[in-house]
Structures are given as structure tokens and as C-alpha cells.
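Chemist: Mind having a look at this structure? Questions to follow.
The values are calculated or read from the model by the stated rules, or taken from the named source; none is laboratory data. No experiment lies behind these values; they were computed from the predicted model shown. Cβ sites come from the backbone with ideal geometry, for glycine too, and all protein chains shown count toward neighbours. Accessible surface is based on the protein model in full, side chains and every heavy atom, while ligands, DNA and RNA are left aside. Shrake-Rupley method; radii C 1.70, N 1.55, O 1.52, S 1.80 Å.
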Amino acid sequence: MITPAFDLSQDPGYLILSIRVPYTRTSEFDLYIDGTDFKFYAKPYFLRLSLPGRIVEDGREEAKFDLDTGLFTLRVPKETPGEHFEGLQMLTSLLAPKGSRSAKPLVEDLSTGYSDSAGDNEEEDENEDEFDWEVEQEVYKERSEEQLRTLQKYGFGNQRSEVFARLQEELSDVTDVQNPEGTSAAERRQARLAAEVSAFSPDHYLADLFEDDEIKRLLKFRPWWTNLSHSTEQEGEAAVSFSDDEKEQLRKFTNRSYLLDKTARCQVWLSLVDVLLAYSYELRSTEGEHNVESPWTIRKLSGTLCWLETYSSLQEVLVSFGRRVLCYPLYRHFAMVSEAVRDTTKILQSGKACVLKCLLDIHKVFRENEPAYILNDLYITDYCVWIQRVKSKKMTALAATLQNASLKKKHLEFELEELENAATMVAEEEEEEEELHSTSMSAQVSHSDTSTSSSDSSGESEDSESSEGQSSTVSKQGGGDICKDNPPQPIPQQLPSLTAALFPAPSQGSRQLIQELGERVAEELNISHDDRDGSLAKAEGTSGTSSDGTLLTASPRRNPLLIVQTQGDDRDFIC
């Protein structure tokens, strides 16, 4: 018989069952409804469900069949109208026969049942070209009860052993434990702590701490469970929807009942938190898009999956997760740890459906990775089945405890606060040195500018003093009253120094030309002492001097050399 694909939903008065049965005859449908038991048969399909509420067959039921899609839809009235059936999305738990219990839940006989995965394996075996039948065989040896007790336990509820004895090649790709079968839980923990201390990199941590632009962007990401309501279980289940692939996977799981003692139940809950923390971090670090590193990240951040760790308190889980986040992944920031804790709290508050959807996503990630599928067999598959039967109030209590838990940097024992303080002091010293350097450079530039300005001012002052000196000399020599008692000094002796100050040294040819021009001008302006007044009047009209011989204004024409003869052969030059 084939178990068909099915789905359940509800409204206040009816339970709606959708069963996909392609290639079947409509005349061969057979239904059985009795309280919480529901059976459906349409050759070759058979479905048996144990419902969370009671339904009745009173003539109000409705059924229809779509030939094109092969979908059979049945509406069955509830015995108590308005009653809410809890857990309709937990398809695996609905497939269980009523009251089925097993003292050994991990041992089952699959020879009489049909398994899709078994059929797939048979097809793969048939398609193989060659198979080496000459394999090494060992005679099975019966173990005594004392020997069985000494075996190291791990896996879901610590109910597995000797798994890695047969998987030595895959061991290093799945866990970091070198010898799971010969290492106790305490020894595994000591090895884990030592490996974390060795893997912690202060440089990587400080780089993510001070250059946190990418971290801030990741912290703003909102995963899909952010908008879910956690006020009631009914609202949480209604908000979570499963894809067709997820529903198919739920139907493939073999339903089991788990008999766990108090210690084992506590360890199962704590390991669930550990796995969800790693998953929350991975989903945030990839912004909801898994990549080829996702299996490694989830496995590496979870002490349960990587070191087969068993925890005894929630604080141990948080400390272990925080240490591993700061040691192994790409983004090693304490804010990512805190955000993953908040995400996991939200997941637990949203109910079983939200937790189951996360576990199914982890199961898919591991299923698509060659060595990581072993972790599905050890942990995730059992979690997917077990979570469907737990009570909602226990999950709510766990969420409240996680929400009130406190994880600080000092709990991780990496001396993070001292490391940050030292790095901050170094950064401040570097900033002060840069400020001093920039201030020194500015002062040097300012001093250079000041020196240049002073030099320019000095030059201008010297030029001004020289000009004033020359003006005063010229005024004394060419201005004022000119008489016989105070005759003007001969200027030709001062001419070389004056011209040298005002004009660059001329060449030999230029000197001869100037000398000839000077002699010619002197001949033309040769004035006797008796005609001095007329000469001065004439000079006033031509050179702009007053009647008493005082120079009033400079000539507008550019005359580099003006020579005036005042007495005999003595020549007075006004420039």
C-alpha cells in the first residue's frame, strides 16, 4: 500500500482533508470515520490518521474529486463545533496508530512496511555497474551487559553508540571528536574548550569590532519568523505554512515514540536550543540565503553537532555558543551572539510549527551535503519527529527562561573587555599622535608663510626706505632755494650708485650710448648762472616744477633719466 500525500486544515465547524490520489478510480473510495480515527482507502492508496479532535459522520460531510489533479477533498463536521484541533500541521504524528508505544523506540522492524527511501536505495543498487562482493567480514560478537554500559553514548537523547566505528572516513568531516567511541562526555568537553582557546584570534575579533559596517548591515536583517505572533499556539500555527517539499518530508519520516528519563529530556531540550542558535546565526549571516558553507557553519557553531556535547544548564549552552561564534565563523562579533539568542527566543515563542519548520530547513541543508547527512540520522530526524508531540507549555516555559537568561562577555573567558580596552587605548594614542603631527605640520606651514610674508615686508620696507632716502636726497639736491652760499653738490659722483640701485647694470654698448645721450642733452640744456630764473621757468613748463624750482609732480611720461644742469659744469640729476 502507498501512503498518499495529504494535508489538513480546519474552520470552526469542519475538518478539511485534502488527499492526492492520482490514477485511481472514483468508484473505489472507502472511508471510515470514528471519533479520532480516520481511514481512507482507494487502491493502491491507504491512509490512517489519529486526529487531535473528534469528528462525526452524520450526513453533513462533503466530498469531491478532481480528475485532472487527482485531488480528493473531504469536509467532515466536528463533534464539537468551534473546537480548535491542535497540531494539524504535524503530519508525522498524525500517521501514528493510536496508543502505539515501544520500550525500544530506536529499534523497529521495517520488513513488513513500505519505505520510499528503501525503494530508492534498491534502484541505486541496481544501477550500479560494479560491486565488490569480496568485502572483509567480521564475526558478530555478543556484548555483555557490562560492556554495553561502558559504551559512550551520543545522539538524540544519548541513545546511540558505535555509529562512528563504522564511519571512520566520514568522522573528520562530521565531528571534531577524534575518537567518539573511546571518549567520555567530560573528556569531549575538555577537548572542546582547549580547541576553542587555540582557535580564538584577537586580531580577527578586534577587526570585526572596529570595522563593523558589514556587521551592522547583518544585524538589520529580519528573518521570516520576525512577524510571527506568539500570543497563542493557534495563532502561531496559523501563521506558519509548510511548502510541498516540507510536507513530503514529514510524510517520509517514520513515526516513533521516545521514552526519555528526566535527565535525557533536559539534555534534549538544551541541545535543541543549541542547534537553533547555530541555525539562527547562519540564517542571519547569509541573510536568509543558504550557501555551500551553511552545513559547515551550523555544525561548527553547535557544540551538540560538532563535539557530541551534552549540556546540563541553559547557561552552558549560551556560553558554548558564544565562544564558538567568536572562534570560527566569518563574522566574529558579540552582537551577532546576542541577536541569535533573541532570534531563538522568538522561534520558541512562536510554537511547535515554527520550530519544526526550522528543523526541516536544517534537515534539508544537511541532506544536500555528503558527510553532514549523518547528523540527520543522529539528531535532526529524531528532533523533527519528537517536536511534533511535545506540549506547548513546555516550549513556552523554555522560551521564557531563555529570554531572561543573561550572557556577558566576561562569561566567555576570553578576556574580551581587557582586550577591547587595550585596543581602544592604542587607537586613542594613535589619534593623538596624528593630531600632533597634523598640528606640527600646520605650524610649520604657518611659520613658513609668516617668514615669507616677513621677508616680503622687509623687502618692501627696504625698498620704501631706499625710495624715501632717494626722494629726500633728490629734494635736497634739486628742490628748495639754490644759491651761491649753498651750492648743490655735484651729482656725477653719486650717479653710478643711484643708477645701480634703480636699473640693472647696462652692457658696454649701452654705457657708451647713455654717455653720448647725456653729453648731447647737457649741451642742449647748458644754462648760464645769469639766466637761471628763465631756465627754471622753462623747466617748470616742461618738467612740472614750481616757480621756485621745487618739484611738484612726476611727469606722466616715462622718462628713465632726466638731467638738469644748474651751475656751470656741475650737473644735477632728478630721477
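Chemist: Could you pull out the residue among Leu47, Leu67, Leu88, Leu110 that is over 44 Å from the mean Cα position of the chain (by Cα) and at pLDDT 85 or above?
Modeler: Leu47
Chemist: Can you list residue pairs whose Cβ atoms sit under 6 Å apart, with the first residue in the stretch 336-361 being open to solvent by less than 20 Å² (accessible area, probe 1.4 Å) and the second being outside any helix (DSSP H, G or I) and among the β-branched types (Val, Ile, Thr)? Count only pairs 6 or more apart in sequence or on different chains.
Modeler: As it stands, the answer is Ala353/Val240; Cys354/Val240, since those pairs meet every condition given.
Chemist: Give me the helices (runs of 4 or more DSSP H) completely within the stretch 283-386, filtered to those with at least 2 residues that are more than 21 Å from the chain's Cα centre (by Cα) and under 15 Å from Val174 (Cα atoms), ordered by residue number.
Modeler: Per the criteria, 303-307, 352-367.
Chemist: If I ask for residues that are part of a helix (DSSP H, G or I) and within 30 Å of Lys247 (Cβ to Cβ), which ones from the stretch 387-423 would you list?
Modeler: If the condition is that a residue be part of a helix (DSSP H, G or I) and within 30 Å of Lys247 (Cβ to Cβ), then Ile387, Gln388, Arg389, Ser392, Lys393, Lys394, Met395, Thr396, Ala397, Leu398, Ala399, Leu402 are the ones that fit.
Chemist: Next question, about the same structure. Which one of the conditions (1) basic (Lys, Arg); (2) at pLDDT 90 or above; (3) open to solvent by 40 Å² or more (accessible area, probe 1.4 Å) does Arg192 fail to meet, given that it meets all the rest?
Modeler: Single failed check for Arg192: (3).
Every residue, every condition in (1) at pLDDT below 90; (2) hydroxyl-bearing (Ser, Thr, Tyr); (3) farther than 30 Å from Gln249 by Cα; (4) touching a Lys or Arg at 6+ places or on another chain (Cβ under 6 Å), yes or no:
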site: Thr310; (1), (2), (3), (4): no, yes, no, no
site: Val337; (1), (2), (3), (4): no, no, yes, no
site: Arg342; (1), (2), (3), (4): no, no, no, no
site: Ala399; (1), (2), (3), (4): no, no, no, no
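Condition check ((1) within 15 Å of His84 (Cα to Cα); (2) at pLDDT 85 or above) across all residues:
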| position | (1), (2) |
| --- | --- |
| Ile2 | no, no |
| Gln10 | yes, yes |
| Ser18 | no, yes |
| Tyr23 | no, no |
| Lys39 | no, yes |
| Lys43 | no, no |
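Chemist: Within the stretch 195-205, how many residues turn out to be hydrophobic (A, V, I, L, M, F, W, C) and open to solvent by 50 Å² or more (accessible area, probe 1.4 Å)?
Modeler: Within the stretch 195-205, residues that are hydrophobic (A, V, I, L, M, F, W, C) and open to solvent by 50 Å² or more (accessible area, probe 1.4 Å) number 1.
Chemist: Is it true that some residue in the stretch 215-222 is part of a loop (DSSP other than H, G, I, E, B), out of contact with any Lys or Arg (no Cβ under 8 Å at 6 or more places or on another chain) and at pLDDT 90 or above?
Modeler: Yes: the stretch 215-222 contains one or more residues that are part of a loop (DSSP other than H, G, I, E, B), out of contact with any Lys or Arg (no Cβ under 8 Å at 6 or more places or on another chain) and at pLDDT 90 or above.
Chemist: I would also like to ask the following. Is there any pair with a first residue in the stretch 283-304 that is exposed (fewer than 14 other Cβ atoms within 10 Å of the Cβ) and a second that is part of a helix (DSSP H, G or I) and at pLDDT 95 or above whose Cβ atoms are under 8 Å apart and which are 6 or more apart or on different chains, and what are they?
Modeler: Pairs found: Glu287/Leu218.
Chemist: A follow-up question, please. In the stretch 152-173, how many are modelled with pLDDT under 75 and either polar (S, T, N, Q) or more than 19 Å from Thr304 (Cβ to Cβ) (or both)?
Modeler: 4
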